[in-house]
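The values are calculated or read from the model by the stated rules, or taken from the named source; none is laboratory data. Because the structure is a prediction, the values reported are computed rather than measured. Here Cβ is always computed from backbone atoms with ideal geometry, including for glycine, and neighbour counts include all displayed protein chains.
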Ligand code: ADP
């Protein structure tokens, strides 16, 4: 089942599933600052995508020494059905007084900028920071949808815009939250 809304020139969709199986131009990884892989969606992307992704991450690390929270880097998608992986680093939830909300917004913004620069028509996001990093799921979904909607609304009429952004929910709780939150946007 799909829930969708259109913002400016882009359709926003919620699906339940494994992001490694989504044939989008860009899939976004909830990485960590080391870029050397980890658990959760990061582990799944490196497992399914093969060593080419980690090699590319190592090259970026050698050049710029990892990726700060809120920023993003782009690599090949290796064996995945996507063209590229954008690795962004979400904030660890620390009670809310550590600028976590703004840092999470930055993840969505910087990922979109990189993806659009690489000509992506379809972009798939996981629910960044809501796993190991413990960001409250409802707040994270509200921030994700608001950040993406704001970004799309601010695109100039002659700027390239993605055709479709897919929010890929792995767990039932996030799926329900995203469907309700997206439904409330329409
Ligand atoms: P973080 O460290 O940013 O919290 P996690 O990978 O632990 O990153 O969790 C982020 C979200 O990704 C969680 O909601 C988790 O359920 C989800 N997730 C885990 N594996 C996958 C997957 N294969 N596809 C999509 N989402 C996934």
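Could you tell me whether region 93-108 includes any residue that is within 12 Å of the ligand (Cβ to nearest atom) and assigned to a loop (DSSP other than H, G, I, E, B)? Yes, that holds for at least one residue. Test residue 65 against the stated conditions and say whether it is more than 10 Å from the ligand (Cβ to nearest atom) and either farther than 17 Å from residue 125 by Cβ or modelled with pLDDT under 95 (or both). Yes. Please work out if residue 12 is away from the ligand (no atom under 14 Å from the Cβ), touching a residue at least 12 places away in the same chain (Cβ under 8 Å) and closer than 12 Å to residue 125 by Cα. Yes; evaluated as a whole, the condition is true for this residue. Which residue is surrounded by the fewest Cβ atoms within 10 Å (Cβ to Cβ), if the candidates are limited to region 113-133 and must be more than 7 Å from the ligand (Cβ to nearest atom) and in a loop (DSSP other than H, G, I, E, B)? Only one residue tops the list, namely 119. Please pick out the residue among 82, 30, 44, 24 that is in contact (Cβ under 8 Å) with a residue 12 or more places away in the chain, within 23 Å of residue 174 (Cα to Cα) and either away from the ligand (no atom under 14 Å from the Cβ) or part of a helix (DSSP H, G or I) (or both). Of the residues listed, the single one that is in contact (Cβ under 8 Å) with a residue 12 or more places away in the chain, within 23 Å of residue 174 (Cα to Cα) and either away from the ligand (no atom under 14 Å from the Cβ) or part of a helix (DSSP H, G or I) (or both) is 44. Among the residues of region 150-181, those that are in contact (Cβ under 8 Å) with a residue 12 or more places away in the chain, over 16 Å from the mean Cα position of the chain (by Cα) and within 16 Å of the ligand (Cβ to nearest atom) comprise 172, 173, 177, 179, 181. Determine if region 64-73 includes at least one residue that is within 14 Å of the chain's Cα centre (by Cα), crowded, with 17+ Cβ neighbours inside 10 Å and on the phi > 0 side of the Ramachandran plot. Within region 64-73 (the criterion being within 14 Å of the chain's Cα centre (by Cα), crowded, with 17+ Cβ neighbours inside 10 Å and on the phi > 0 side of the Ramachandran plot), the answer is yes, since at least one residue qualifies. For region 48-62, the set of residues classified as within 9 Å of the ligand (Cβ to nearest atom) and surrounded by fewer than 16 Cβ atoms within 10 Å (Cβ to Cβ) is empty.
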